[in-house]
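For reference, the structure is listed below as structure tokens.
What follows is calculated from the coordinates using simple rules that are stated; it is not laboratory data. Model, not experiment: these values are computed from the prediction. Reconstructed Cβ throughout: ideal geometry from the backbone, glycine too, with neighbour counts over all protein chains shown.
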Amino acid sequence: MDRFFGPTSAETVAYNYITDNGSHWDIESSINETHLAGCVAYQALDRYLKGADLFILPRSRTELESIFRRYTYDAVHNMIAKSRSTLQPGGYSRVCHLAEKSLRDVLNSGDNCTRLLALHTPPSSPIHSSAARGIKTQ
């Protein structure tokens with residue numbers, strides 16, 4: 001994770017702040033959207049690195065961004081559900097936008113996109129003719 005979000009990055013700091021403060025991070029009158037977005041971006045990347053819920057592996061940057069977007073939305077919904085405070089009007093869109101920007105910045109940095117795509121590449125194995133069988137019908 002440090003390769004993508006360093007220990008002092010805004011995303012890591014937000015994630016640590018929210019997870020360390022448990023149920024007390026959201027007591028303010030409204031949720032800090034920047035902290036929430038950073039935490040959400042961190043959670044989305046962490047989920048991808050662990051390979052959670054990856055049924056169709058990404059083959060391109062566009063597909064990887066789509067997975068990140070889905071993970072981001074899931075994380076935002078989970079954080080809002082845990083919260084006792086509400087987002088300001090338009091806050092959901094702003095949080096999603098900030099989190100997606102963080103993840104785009106990761107993909108744009110160096111060879112991160114290539115590394116992330118290679119992380120979950122299916123193993124290449126030759127298909128043998130004996131493995132591919134037809135269905136026998138009567």
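Between Leu49 and Thr8, the simple spin-label model (points 7 angstrom out along Cα→Cβ) gives 1.9 nm. Extension gain, Ser93-Thr114: 0.36 nm per intervening residue step, less the Cα-Cα distance, totals 4.7 nm.
Loop-located chymotrypsin sites (Phe, Trp or Tyr not before Pro) across region 44-96 with a Cβ neighbour count of 16 or fewer within 10 Å are Phe55, with loop assigned by DSSP. Select from Phe55, Gly90, His77 the residue farthest towards the positive end of the dipole of region 1-118; place +1 on Cβ of Lys and Arg, -1 on Cβ of Asp and Glu, and compute about the Cα centre. Towards the positive end, the residue furthest out is Phe55. Across region 59-67, rounded Karplus estimates of 3J(HN,Hα) from the backbone phi angles (6.51 cos²θ - 1.76 cosθ + 1.60, θ = phi - 60°) give 10, 8, 4, 4, 5, 5, 4, 5, 5 Hz, Gly and Pro being marked x.
What the phi angles of region 39-51 give under the Karplus curve with 6.51, -1.76 and 1.60, with θ = phi - 60°, is a coupling list of 5, 5, 4, 4, 5, 5, 5, 4, 4, 5, 4, 7, x Hz, glycine and proline written as x.
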